1. Kindly sort Tyr218, Tyr152 by accessible area of their heavy atoms, largest first, with the probe set to 1.4 Å.
2. Based on Cβ point charges of +1 for Lys and Arg and -1 for Asp and Glu, what charge dipole magnitude is obtained for region 43-194 about its Cα centre, in debye rounded to the nearest 20?
3. Would you mind checking the radius of gyration and Dmax of region 1-142 based on alpha-carbon positions, in Å?
4. In whole Hz, with x marking every Gly and Pro, tabulate ³J(HN,Hα) for region 123-132 from phi via Karplus 6.51 cos²θ - 1.76 cosθ + 1.60, θ = phi - 60°.
5. Which net charge results for the neighbourhood of Leu225, defined as the other residues with beta-carbon distances under 12 angstrom from its beta-carbon, given Lys and Arg at +1 and Asp and Glu at -1?
6. What distance in nm separates the two pseudo spin-label positions at Arg154 and Glu81, each 7 Å out from Cα along the beta-carbon direction?
7. Which three extents, in whole angstrom, do the alpha-carbon atoms of region 92-167 cover along their principal axes, largest first?
8. With a probe of 1.4 Å, find how much accessible area region 153-276 has per residue, and write the answer as a whole number in Å².
Amino acid sequence: MTIHHRAAVLGSPIAHSLSPVLHNAAYRALGLDDWEYGRFELDEAGLPGFLAGLEPGGWAGFSLTMPLKRAVIGLLDEVSETALAVDAVNTLVLEADGRRTGDNTDVPGLVAALRERGIEQVPAAAVLGAGATASSALAALARLGAEQVTVYLRSPERARQMRELGERLGVAVRTADWARGAEALAGPLTVSTTPVGATDAFADGLTATPGALFDVLYHPWPTALAAACAERGATVLGGLDLLVHQAVLQCERFTGITPGPLAAMRAAGEAALAGR
C-alpha cells in the first residue's frame, strides 16, 4: 500500500500517546487506506528544524502535546482565536498553499464531551489545577455559559493568570487554596486537570451527592476521585472522553471529512487502554 497522506503527534514524552491508535482507526473507518498517522519524539528545541525539514506535499498536519503547545505559536502563519485565548495550540494544519495554521481542539472537545452526557449549560463550575488544560477547561466552561468558576490551585502566579484569562473570556474567576479542593465537588460540575494521584485525598472528603466530574486523566482509570464520585451516583467523564472528542475534530481538520468517526475512534481507544 502506498501512503500519500500523513499526520502525526509531536511531543515529549510521546511513547504512550493514544493519538496514533485513534487517528489510524479513523482513517480505516473512513476508507482512507492511503493515510497514515505516526508519532515523533520532539522537544521545543527540535521543533523549528523538524517543521523546516518536512518534505513538501503529503503532510496533512500534526497533533501537538506537551511541551510544544505554546512553543509552536511563533512558528505559525495563522492561529485561531480559541488557541490564542488559552495560549495553546494542539492542532497544526499544513494548508495546501504551504501555510501553517494552528488551532485548539481541546476547548471544543471538552464542550462536545460534556454535551454528549447531557451537560448543555453550567451557570457555575470549579476547576482543579491551573496548568494548560485548566486554561482550556475555563474556555470550555465559558462556552457553556458559566458566569463564575472557582479554580483550586497552589501557585499565586497562576492564580493571577487564571483571573486574567477569566476576564478575557467574560467569566468571573475566583481562586481558592488547593487544600480546600474537596469543596469543589459539591458544585454542579468540577473539571480536574491534575496529574495522577493529585486529587486522591479529595475522594474521602466528598459530599453525599457530588456534582458531575470531568477528570481529564485516562490511565490509570478510574482515578480514586472518579471512582468515589461514581459510587455516589455522580455523572463522571474521563480523559478518554476528552481525547476522543478533540481527536475527532483534528481528524476532520486533517482530512476535510465531517463528521469524523467518533464511535470507531472511541472503540479503538477503549481497546487500547484495556490492553495496558
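1. Numbers: Tyr218 60, Tyr152 10 Å².
Result of the area sort, largest leading: Tyr218, Tyr152.
2. Values: 14 positive and 19 negative charges, 115 e Å.
Taking the Cα centre of region 43-194 as origin, the dipole is about 560 debye.
3. Spelled out, the Cα radius of gyration and Dmax of region 1-142 are 16.1, 51 Å.
4. Coupling constants for region 123-132: x, 8, 7, 10, 10, 9, x, 8, x, 4 Hz.
5. Numbers: positive: Arg232; negative: Asp200, Asp204, Asp215, Glu231.
Residues near Leu225 contribute -3 overall.
6. Rounded to a tenth, the inter-label distance reads 3.6 nm.
7. Reported extents, whole Å, longest axis first: 43, 34, 18.
8. Numbers: 5600 Å² over 124 residues.
I get 45 Å² per residue for region 153-276.
The values are calculated or read from the model by the stated rules, or taken from the named source; none is laboratory data. In this text, all values refer to a predicted model and were calculated from it rather than measured experimentally. All Cβ positions, glycine included, derive from the backbone under ideal geometry; neighbour counts span all protein chains shown. Side chains are part of the model used for accessible areas, which takes the heavy atoms of the whole protein and leaves out ligands, DNA and RNA. Shrake-Rupley method; radii C 1.70, N 1.55, O 1.52, S 1.80 Å.
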